[in-house]
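Asks: Structure provided below as structure tokens; questions to follow.
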Amino acid sequence: MPVYSNFSDEELTALLKQGDQIAFTEIYNRYWAEMYYHTFRMLKDEDSAKDVVQDVFSTLWLKSSALNANMKLSGHLYISVRNKVLNLVAQNKVRNDYLSSVAAFITQSVNDSLLFDEREIIEIVEAEIKNLPPRMREIFELSRKDNLSHKEIAEKLNLSDQTVKKQVHNALKIIKNKIPMVESGIFVLFFLR
Amino acid sequence: MNRDEAKEIIERYNNGLANAEERTLVENWYLDESRKYQFSDKDTDFLHLKEEIWKETLLRSGLIPKAPKRLLIWPRIVAAAAVLLVLAAGLYFYKGLNLKDNILAADIAPGGNKAILTLANGQKIVLNDAAKGELSRQSGISVSKSKDGELIYSFVDADQGSTENIHNTISTPKGGQYTIMLSDGTKVMLNSASSLTFPTSLNGQDRLVELNGEAYFEVAKHKNSRFRVISGRQTVEVLGTHFNVNAYTDEETIKTTLLEGAVKVSTPAAFTLIEPGEQAVWDKATENALTKHAVNTAKETAWINGIFSFEGDDLKSIMRQVSRWYDVNVIYVGPIPEEKYFGEISRTSKLSEVFRILELYNVHFEVSGKTIKVSYNQQSTVSDQPKSIK
């Protein structure tokens, strides 16, 4: 997705808060595979993993105006997935006997102080994403780079081509006002299209 | 530390009530567990899911309207905007943001596993209180409650399998549901405000039960033995299948939805055979029309998975379901437009959470005791909602 794919997570978050659908699409392109991957690791079931990911992204959109502008997008998504998975664990709606696993973990950890805090956990998760098996990494990168033309975006979102162009234009204005550090390169790229 | 204690800690965590130490433990367990799984290259074929997950995400976000399914009671699509409601299990994550706006002083909890069993001699057993284990023994049939809280009918010894015609009735109140295993191995999940009357011993060629309200049946197959469900003047006849019958007296129709196998639906005027994925609809008022059409069976049986699922349902239909599950009475104030609603709400949600979602679409609720006053704010339209691009 031209222009949008060059935006940082922070810029996309700011646009998302304005109700920008294309920013939402770009966030999905950027994170869906990682989120699916994480969810699947816990649930080991395609259907429930899909369901969690769909819920996390649709909730992100529905609650976008209430988002904290300073949050870290990847961390927010990770925590949203974790909350949903833990809900399923509490209801015993997971394939593994996670309740026994939790019980064993807690018993073991009583004398063990090697626990990570919230911030450290998110750092670990981010580092893990960067250290995926090479094939997996390649797939994530490919998935994220599938740039769509205005026309393709329009088709996907059921909008007119003109609307998308206007939206991209507005997005740049918002970004410009909100985040003064946008690289000028992005603007050149946009106006040349 | 045992499973139950672990469950309690996770529940506290999910409800935002865990202390710092518990939070750390739960989060570290999660991290630890998620790192145990090693993705192999054959796992990489999930990429085809990208479009699928995106499409469903857009639907749940209300960004693309769902094409309404053809439903007999709503023959034409009103030009009203499609509204998508999404309340995921994880809503609690955002609770903190909205709690102050909550209009409800005292919240109303969702329903649960509650029912009353009436034995042939008139004795009543309250099932939510009943201890696990054997509850009663009647003419060679043992009635017990399993550890999952299901009610199980079983033959004590095969010879005694009596031919006596003893009937029991299980009924759920508003806000109750219950699962029962009949003596032939048929499993029935009874929705709220419903009742099922059945012979304690189901071993003949004709197994006959009577249903009021809604139930989902998984009928055990027995050679040369049919199973019939009577609801008012409609009869459903099967050999061994999975199906759902919705026969509430306050609904205009009786809907029979088939998931597996084959069933025959008969009314005084007509009968029809339906196939898996189809629903037979009988209009009780006109009595003559018995129609069948393809349905989304997941939606029709969403309740057995703890979900309210709406696909073009209007507010009054939604409120009838709410009234049965939350045990409340509903009064309408002023005109209620025929908006169509789409989406899913968990049946474990508190009533205030259901209202909070509906209030996004200009529906207003006022609660006093068990009575809910519903009104509609005509000023703005739902199309002003999330669609930011026009």
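Let's see how each residue does on (1) of a type in the set (Val, Ile, Thr); (2) within 27 Å of B:SER171 (Cβ to Cβ):
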position: B:GLN321; (1), (2): no, yes
position: B:ARG324; (1), (2): no, yes
position: B:ASP327; (1), (2): no, yes
position: B:VAL330; (1), (2): yes, yes
position: B:PRO335; (1), (2): no, no
position: B:TYR341; (1), (2): no, no
position: B:LYS350; (1), (2): no, yes
position: B:GLU353; (1), (2): no, no
position: B:ASN362; (1), (2): no, no
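Asks: Then there's this: Taking the conditions exactly as written (in contact (Cβ under 8 Å) with a residue 24 or more places away in the chain, within 7 Å of chain B (Cβ to nearest Cβ), part of a helix (DSSP H, G or I) and not aromatic (Phe, Trp, Tyr)), does A:MET42 satisfy them or not?
Replies: yes
Asks: Shifting gears a bit: Name the single residue, out of those in the stretch A:81-91 being in a helix (DSSP H, G or I) and not basic (Lys, Arg), that is most open to solvent (accessible area, probe 1.4 Å).
Replies: Here the answer is A:LEU88.
Asks: Only residues that are without any contact (Cβ under 8 Å) to a residue 12 or more places away in the chain, part of a helix (DSSP H, G or I) and either open to solvent by less than 20 Å² (accessible area, probe 1.4 Å) or among the polar types (S, T, N, Q) (or both): list them for the stretch B:12-39, please.
Replies: Of everything in the stretch B:12-39, those that are without any contact (Cβ under 8 Å) to a residue 12 or more places away in the chain, part of a helix (DSSP H, G or I) and either open to solvent by less than 20 Å² (accessible area, probe 1.4 Å) or among the polar types (S, T, N, Q) (or both) turn out to be B:THR24, B:GLU27, B:ASN28, B:TRP29, B:TYR30, B:LEU31, B:GLU33, B:SER34.
Asks: Right, here's the next one. Using the structure shown, decide if A:TYR78 is facing chain B (nearest Cβ under 7 Å) and not basic (Lys, Arg).
Replies: The answer is no for A:TYR78.
Asks: Would you mind telling me which numbered condition in (1) within 7 Å of chain B (Cβ to nearest Cβ); (2) surrounded by 15 or more Cβ atoms within 10 Å (Cβ to Cβ) A:VAL94 fails?
Replies: (1)
Asks: A further question on this structure: For the stretch A:31-38, state whether one or more residues are among the hydrophobic types (A, V, I, L, M, F, W, C), part of a loop (DSSP other than H, G, I, E, B) and modelled with pLDDT of 85 or more.
Replies: Looking for residues that are among the hydrophobic types (A, V, I, L, M, F, W, C), part of a loop (DSSP other than H, G, I, E, B) and modelled with pLDDT of 85 or more, one finds none in the stretch A:31-38, hence no.
Asks: Consider B:LEU258 carefully, then state whether it is open to solvent by 20 Å² or more (accessible area, probe 1.4 Å) and assigned to a strand (DSSP E or B).
Replies: no
Asks: Filter the stretch A:63-80 for residues that are in a helix (DSSP H, G or I), open to solvent by less than 50 Å² (accessible area, probe 1.4 Å) and out of contact with any Gly (no Cβ under 9 Å at 6 or more places or on another chain) and give the result.
Replies: A:LEU73, A:SER74, A:GLY75, A:HIS76, A:LEU77, A:TYR78, A:ILE79
Asks: Also: For A:LEU60, which of the numbered conditions (1) more than 8 Å from chain B (Cβ to nearest Cβ); (2) farther than 20 Å from B:VAL26 by Cβ; (3) open to solvent by 20 Å² or more (accessible area, probe 1.4 Å); (4) in a helix (DSSP H, G or I) fails to hold?
Replies: Condition (3) is where A:LEU60 drops out.
Asks: Then there is this: Quick one: how many residues across the stretch B:204-226 are crowded, with 18+ Cβ neighbours inside 10 Å and within 17 Å of B:THR169 (Cα to Cα)?
Replies: 9
Asks: Can you pull out every residue in the stretch B:23-42 that is within 7 Å of another protein chain (Cβ to nearest Cβ) and at pLDDT below 75?
Replies: Of everything in the stretch B:23-42, those that are within 7 Å of another protein chain (Cβ to nearest Cβ) and at pLDDT below 75 turn out to be B:PHE39, B:ASP41.
Asks: Out of the stretch A:11-25, which residues are farther than 18 Å from A:LYS63 by Cβ and either more than 9 Å from chain B (Cβ to nearest Cβ) or without any contact (Cβ under 8 Å) to a residue 12 or more places away in the chain (or both)?
Replies: Answer for the stretch A:11-25, where residues must be farther than 18 Å from A:LYS63 by Cβ and either more than 9 Å from chain B (Cβ to nearest Cβ) or without any contact (Cβ under 8 Å) to a residue 12 or more places away in the chain (or both): just A:GLU11.
Asks: Tally time: how many residues in the stretch B:330-364 are acidic (Asp, Glu) and over 16 Å from B:ARG320 (Cα atoms)?
Replies: The qualifying residues number 2.
Asks: If you don't mind, another one. Can you spot a residue in the stretch A:102-124 that is under 15 Å from the mean Cα position of the chain (by Cα), assigned to a helix (DSSP H, G or I), surrounded by 15 or more Cβ atoms within 10 Å (Cβ to Cβ) and of a type in the set (A, V, I, L, M, F, W, C)?
Replies: yes
Asks: If a residue counts only when it is polar (S, T, N, Q) and over 16 Å from B:LEU127 (Cβ atoms), which strands (runs of 3 or more DSSP E) contained entirely in the stretch B:162-247 have at least 1 such residues?
Replies: Here the list reads B:206-218, B:226-231, B:234-238, B:242-247.
Asks: Same structure, new question: Let me confirm something: among A:LEU114, A:LEU73, A:LEU60, A:LEU132, which residue is under 27 Å from B:GLU51 (Cα atoms) and modelled with pLDDT under 75?
Replies: A:LEU132
Asks: Taking the options A:PHE7, A:PHE24, name whichever one is under 12 Å from the mean Cα position of the chain (by Cα) and not β-branched (Val, Ile, Thr).
Replies: The unique qualifying residue is A:PHE24.
The values are calculated or read from the model by the stated rules, or taken from the named source; none is laboratory data. In this text the structure is predicted, and so the values were computed from the model without any measurement. Here Cβ is always computed from backbone atoms with ideal geometry, including for glycine, and neighbour counts include all displayed protein chains. The area values use the complete protein model at the heavy-atom level, side chains included, leaving out ligands, DNA and RNA. Shrake-Rupley method; radii C 1.70, N 1.55, O 1.52, S 1.80 Å.
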